[in-house]
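What follows is one structure encoded as structure tokens, with my remarks underneath.
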Amino acid sequence: MHPNLVVEVPKWALQVLNNLCDIERKLSIHGDPGNAKRNVERIKEVFEDQKLFYEDPIGEKFSETRTDIEASITGSGTENLVVVEVIKPIIRAGDETFSKVVQKGIVIVESKSQGGE
């Protein structure tokens, strides 16, 4: 993929990937007694075949130099910021080696020292 190439992704694909990420997160929190995670993985594979995938940045460090997420800061501290909530995941076009952000992640960050390590 050429770095200057404009990648247009249909809105429906972004909506499906956003919801898929949300489903995956809920399954990890609430458990998966019906083995729905397997279906989620299959859907993700279909999108990966089309060179689309998402990243859930929950728990990652945040700095102002990150260009792949837009963050809102909660709490009063601004040091050692960590992603504590993901509203929308980062959606990329390409593969794990080289990709382009087609949707910035929208997250809430909090000072690690405030969040209680």
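The values are calculated or read from the model by the stated rules, or taken from the named source; none is laboratory data. Everything numeric here is computed off the predicted structure, so don't read it as measured data. Note: ideal-geometry Cβ built from the backbone for every residue, glycine included; neighbour counts use all protein chains shown. Keep in mind that these areas ignore ligands, DNA and RNA; they rest on the heavy atoms of the full protein, side chains included. Shrake-Rupley method; radii C 1.70, N 1.55, O 1.52, S 1.80 Å.
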For the chain, what relative contact order do you get, as a whole percent, if you take Cα pairs closer than 8 Å and at least 6 residues apart? 27
What list of ³J(HN,Hα) couplings, whole Hz, do you get for region 35-42 from phi and the Karplus terms 6.51, -1.76, 1.60, once you set θ to phi - 60° and write x for glycine and proline? 6, 5, 4, 4, 5, 4, 4, 5
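Kirkwood hydrodynamic radius (Cα pairs, Å) of region 30-101? It would help to have the intermediate numbers written out before the result.
On the way: mean 1/r = 0.0694 Å⁻¹.
Its Kirkwood hydrodynamic radius stands at 14.4 Å.
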Under a cut-off of 16 Å between alpha-carbon atoms, report the aspartates and glutamates in cross-link reach of Lys88, not counting same-chain residues fewer than 8 places apart. Asp22, Glu24, Glu55, Asp56, Glu60, Asp68, Glu70
Loop-resident sites, region 61-91, for GluC sites (Glu not before Pro), counting at most 15 other Cβ within 10 Å (DSSP): Glu64, Glu79
Would you grab the residues whose amide H sits under 5 Å from the one on Ile69? Only those 5+ places off in sequence or on another chain, please, with H modelled 1.01 Å from N. Gly105
Using alpha-carbon coordinates, inclination of helix 11-30 to the longest axis of the chain, degrees: 60
What ³J(HN,Hα) values, in whole Hz, does the Karplus curve 6.51 cos²θ - 1.76 cosθ + 1.60 give for region 73-88 when θ = phi - 60°, with x put for Gly and Pro? 9, 10, x, 9, x, 10, 9, 6, 6, 10, 6, 10, 8, 10, 7, 9
Of the residues Ser99, Pro10, Leu52, the Cα lying farthest along the dipole of the chain towards its positive end, which is defined by charges on the beta carbon of Lys, Arg, Asp and Glu, belongs to Pro10
For the chain, which whole percent of the accessible surface, found with a 1.4 angstrom probe, sits on carbon and sulfur atoms? 50
Rounded accessible area per residue of the chain, 1.4 Å, Å²: 66
Debye, to nearest 20: dipole size of the chain, +1 on Lys, Arg Cβ, -1 on Asp, Glu Cβ: 260
With θ set to phi - 60°, apply the Karplus curve 6.51 cos²θ - 1.76 cosθ + 1.60 along region 58-67 and write out the HN-Hα couplings as whole Hz, x wherever there is a Gly or Pro. 4, x, 7, 5, 10, 9, 5, 7, 5, 9
Would you please give the residues with an amide H less than 5 Å from that of Val109, counting only those at least 5 places away or on a separate chain, with H modeled from the backbone geometry? Ser72, Ile73, Thr74, Val84
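Can you give the net charge of the other residues whose Cβ lies under 13 Å from the Cβ of Glu8, counting K and R as +1 and D and E as -1?
On the way: positive: Lys11, Lys51, Lys100; negative: none.
Once all neighbours under 13 Å are counted, the net charge is +3.
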